[in-house]
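**Student:** Sharing a structure here in C-alpha cells format.
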Amino acid sequence: MPRHLFGAMTQPDRDAPRDEADAPDRLPSRLTEIRAHEFGEAEARHLLLRAGFGGTPVQIRTLAGWGPERSVDYLLAIEDVPYPTPAADRFDANIMRPLTEAERREYRAAQQRRDEDTLARFRLMRQQRQRQDRQQIGDIQRWWLERMIETPRPLEEKMTLFWHGHFATSFRTIENSYHMYMQNQLFRTHAAGNFGKLLYAIIRDPAMLAYLDNNDSRKGQPNENLARELMELFSLGVGNYSEGDIKEGARALTGYSFNDDAFVFNHENHDKGNKTILGRRGNLDGEGFVGAILAQPACAQFIATKLYDFFAQHTGTIDEADALAARRVIQSLAGTLRAGNYALRPVLRRLLLSRHFYHPRLMGNRIKSPAELIVGAVRSLNTPVRDMGVLLQAMDLMGQNLLFPPSVKGWDGGRTWINTSTVFVRQNALNFLLTGRLPTGYDGNAGEERYDPTGLLSEDDRRSPEAAARALLALTLGLHEGPSHDAAMGALLAFAREHDNTVNRGVLVGMLLLITAMPEYQLC
C-alpha cells in the first residue's frame, strides 16, 4: 500500500475542522479513527513498530488483513495471549539478604572486642555477595532482552520498557539485583493497566525507596528526594507544585521503607501531623499524597504527554507547524485518561486507532532507541540472536544500558541516541546480527547460525533483484516510492549487478547490510 495513501484521501471527516478537511497534508488535531480502507501494510508496519518492536512480513500482512480495530485490540488484549508470567523465584532473592539476628549479634560482638578476623570474614562475605549480585544483574538483563525478542505480547514489553524509563531506577545505586527484577515485574504487571495503581505501587517499591533514599526518611528528618521526583518527573512536571508541597509530601512519606524484599510501613518513623499537599489537608500518608497528585488535572496532561512522546512523536522535536495539533491531541488523550480514572488502555486505543497516529508526518519520524533497534532487527528480520552479551554490550555503547539508566530522569531519547560514536556501534551491531561478524573477528557460532533472509520474501519477490529490493525496502524502511526509495533502489540494484543479478542468500544478506547502514533504518 502506498505510504502516501493517507495524504491522498479525498473524503473529509464530518467532525474535522474545516482547515483539516481542506488541507489533508496537515497533521490532524483530532483523534478521528482511521478507516479500514486507509489501513494497509504500511500502516500495519507502523503500528507494529510503535506498539511493539516491529513485525515480519507475515505479521504485517496479517494485521493489514485484520484492519485497524481488530489489530489494535489484539495488541492491547495482553492477558488474552498465553505467555508465562515471570516467576518470583526466577532469580535468587537471597544474594543481598540482610544479616540474620544471630549474624548481627556476632558482628556487634566482634566490633566491641575488635575482632579483626571476624570483621574481615563479614567483609569478605559481603564482597562475595556483591560479586554474585553483579553477575545476577547481567543474567536479568539477558533474560529481559530475550523476553522482548521472544514475547508474543510485544506491547507488554514495550510498556515495561516505557515505565523503566519513566520511573528510572539504576542497579548501580541500589546494588540489589533482585529488587530490580521485582520492579521490572511491577512495571510488567501494570504495563497497560492503570497509571494510578502503578503510582500507588511505586511508593512501596523497595528499589525505588532505596534509589531515592526514602528508606532512611523518618519523622523530624524527612528526605525530600522521593517526594520531589514523584511530582517533578513521575506525575506532574515542573511548575505544577510548590516547594511547600515537596516538604509536606516528604513528611507524608516518612516511615515508608522495606525489610529485605517487602515493603514496611514504620509507624514510629511516620509523621502523623496534619499536612497540606496540593490543596489537600489532613493527616496524609503516602497514599494520601498520591491521591492528591492524581486529583490534579496536570497529572493526566503530564502522562498523556509522555505517552504521546513515546508512541507518536518526540515532543522535543515537533515542528512548529505541528505543535498546535499535537497539543490538542495530547489534551484529548489527557481527557480520556481523567475520564477513565487513569486507565491506560482507552488512551492507547484512541491514539493507536487515530488518523493522527498514521499520518505520514508521524510515520518514520522517531529515532529508534538501542532496545528498539536490536529487538526490532531480530523480530522483523528473523536474524539469529547469536550472543546476548554482545548485544547488551552494544546497547550500552549506544547509550542504553538496561537496568542502568543514567539518572532518575531516565534516557532523554530522540536525537540524543545518535552521534558519531553510536552510529558506528549501531552499524556494527546490525552487521553482527546479519553475519556474525564482530569488529575483532567472528562470533564462534557464526558458521552454525548462518542467517538466511530468503524466508522474508515471497516467491514473486525472489524472481528478480528489483522485486527483492522493493520488498526489502518496504519491510525495513517503509519505503515504496519517492527520492529516498529511488536512491536506495539504485544502491541495492548496483550491488545485485556486481553479483550477476542473482537473488540468493548472499545477495539478500548484502542488500540488508546496505539497508541497515542507511540513515532511514535508524527511524521507526
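**Student:** Restricting to the range 87-126, name every residue that is free of Cβ contacts under 8 Å to residues at least 60 places away in the same chain, surrounded by 13 or more Cβ atoms within 10 Å (Cβ to Cβ) and not in a helix (DSSP H, G or I).
**Tutor:** 99, 115
**Student:** For the range 378-395, give me the residue count where each residue is touching a residue at least 24 places away in the same chain (Cβ under 8 Å) and either acidic (Asp, Glu) or part of a helix (DSSP H, G or I) (or both).
**Tutor:** Total meeting the criteria: 12.
**Student:** Quick check: anything in the range 478-489 assigned to a helix (DSSP H, G or I), of a type outside the set (Val, Ile, Thr), closer than 18 Å to residue 41 by Cα and at pLDDT 95 or above?
**Tutor:** For the range 478-489, residues assigned to a helix (DSSP H, G or I), of a type outside the set (Val, Ile, Thr), closer than 18 Å to residue 41 by Cα and at pLDDT 95 or above: present.
**Student:** List pairs: first residue in the range 341-360 and at pLDDT 95 or above and in a helix (DSSP H, G or I), second residue among the basic types (Lys, Arg) and open to solvent by less than 10 Å² (accessible area, probe 1.4 Å) anywhere in the structure, Cβ distance under 9 angstrom, at least six positions apart or on different chains.
**Tutor:** Taking only residues 6 or more apart or on different chains, the pairs are 352/50.
**Student:** Of the residues that make up the range 361-370, is at least one modelled with pLDDT of 95 or more and closer than 21 Å to residue 69 by Cβ?
**Tutor:** Scanning the range 361-370, I find at least one residue that is modelled with pLDDT of 95 or more and closer than 21 Å to residue 69 by Cβ, so the answer is yes.
**Student:** Here is a follow-up. Please specify each residue of the range 424-436 satisfying the condition of being surrounded by 15 or more Cβ atoms within 10 Å (Cβ to Cβ), within 25 Å of the chain's Cα centre (by Cα) and free of Cβ contacts under 8 Å to residues at least 60 places away in the same chain.
**Tutor:** The answer is 425, 428, 429, 432, 433.
**Student:** List the residue pairs whose Cβ atoms are under 6 Å apart, where the first residue sits in the range 448-466 and is touching a residue at least 24 places away in the same chain (Cβ under 8 Å), the second is assigned to a helix (DSSP H, G or I) and among the hydroxyl-bearing types (Ser, Thr, Tyr), and the two are 6 or more positions apart or on different chains.
**Tutor:** The qualifying pairs do not exist here.
**Student:** Do we find that residue 469 is within 30 Å of residue 392 (Cα to Cα) and open to solvent by less than 40 Å² (accessible area, probe 1.4 Å) in this structure?
**Tutor:** Criteria not met by residue 469.
**Student:** Same structure, new question: Kindly indicate the residue of the range 437-453 that is modelled with pLDDT of 95 or more and open to solvent by less than 40 Å² (accessible area, probe 1.4 Å) and also nearest to residue 42 (Cα to Cα) among those meeting that condition.
**Tutor:** Step by step, filter the range 437-453, then rank; the result is 453.
**Student:** Scan the strands (runs of 3 or more DSSP E) fully inside the range 260-330 and keep the ones with 3 or more residues being under 20 Å from residue 366 (Cα atoms) and not basic (Lys, Arg).
**Tutor:** Filter on the range 260-330 gives an empty set.
**Student:** Conditions: (1) out of contact with any Pro (no Cβ under 9 Å at 6 or more places or on another chain); (2) open to solvent by less than 20 Å² (accessible area, probe 1.4 Å). Residue 77 meets all but one. Number of the miss?
**Tutor:** So the condition that residue 77 fails would be (2).
**Student:** Being small (Gly, Ala, Ser), open to solvent by less than 20 Å² (accessible area, probe 1.4 Å) and closer than 23 Å to residue 411 by Cβ is the filter here; which residues of the range 307-362 pass it?
**Tutor:** Residues satisfying the conditions are 312, 326.
**Student:** Among the residues of the range 476-501, what is the count of those that are farther than 21 Å from residue 53 by Cα and open to solvent by less than 50 Å² (accessible area, probe 1.4 Å)?
**Tutor:** 11
**Student:** When the range 502-524 is examined, which residues are found to be surrounded by fewer than 17 Cβ atoms within 10 Å (Cβ to Cβ) and polar (S, T, N, Q)?
**Tutor:** Passing the criteria: 502, 504.
**Student:** With the range 127-216 as the region, which helices (runs of 4 or more DSSP H) entirely inside it contain at least 1 residues that are farther than 21 Å from residue 233 by Cα, in contact with a Gly (Cβ under 6 Å, 6 or more places away or on another chain) and open to solvent by less than 30 Å² (accessible area, probe 1.4 Å)?
**Tutor:** Counting at least 1 such residues, we get 154-166.
**Student:** Could you tell me whether residue 30 is part of a helix (DSSP H, G or I) and out of contact with any Phe, Trp or Tyr (no Cβ under 9 Å at 6 or more places or on another chain)?
**Tutor:** Here the answer is no, as residue 30 does not meet what is asked.
**Student:** Then there is this: Looking at the range 6-51, which of its residues are surrounded by 14 or more Cβ atoms within 10 Å (Cβ to Cβ), more than 24 Å from residue 332 (Cβ to Cβ) and either among the charged types (D, E, K, R) or modelled with pLDDT under 50 (or both)?
**Tutor:** Once the filter is applied, which keeps residues that are surrounded by 14 or more Cβ atoms within 10 Å (Cβ to Cβ), more than 24 Å from residue 332 (Cβ to Cβ) and either among the charged types (D, E, K, R) or modelled with pLDDT under 50 (or both), the range 6-51 yields 41, 45.
**Student:** What number of residues within the range 52-70 satisfy the criterion of being in a helix (DSSP H, G or I), of a type outside the set (Lys, Arg) and either at pLDDT below 95 or under 13 Å from residue 42 (Cβ atoms) (or both)?
**Tutor:** Residues meeting the conditions: 5.
**Student:** With the requirement that a residue be among the basic types (Lys, Arg) and closer than 30 Å to residue 122 by Cβ, what does the range 59-106 give you?
**Tutor:** Result: 90, 97, 104, 105.
**Student:** How many residues are within 19 Å of residue 276 (Cβ to Cβ), touching a Phe, Trp or Tyr at 6+ places or on another chain (Cβ under 7 Å) and not in a helix (DSSP H, G or I) if we restrict to the range 218-254?
**Tutor:** Matching residues across the range 218-254 total 3.
**Student:** Pick from the range 390-416 the residues that are more than 22 Å from residue 187 (Cα to Cα) and in contact with a helix residue (DSSP H, G or I) (Cβ under 7 Å, 6 or more places away or on another chain): which of them is most open to solvent (accessible area, probe 1.4 Å)?
**Tutor:** Within the range 390-416, the match that is most open to solvent (accessible area, probe 1.4 Å) is 415.
**Student:** Scan the range 274-293 and give yes if some residue there is small (Gly, Ala, Ser) and touching a strand residue (DSSP E or B) at 6+ places or on another chain (Cβ under 6 Å), otherwise no.
**Tutor:** yes
The values are calculated or read from the model by the stated rules, or taken from the named source; none is laboratory data. The structure presented is a predicted model; accordingly, all values stated were derived computationally and were not measured. Using ideal geometry, Cβ is built from the backbone for each residue, glycine included, and neighbour counts are taken over all protein chains shown. Please note that ligands, DNA and RNA were not included when accessible areas were found on the heavy atoms of the full protein model with its side chains. Shrake-Rupley method; radii C 1.70, N 1.55, O 1.52, S 1.80 Å.
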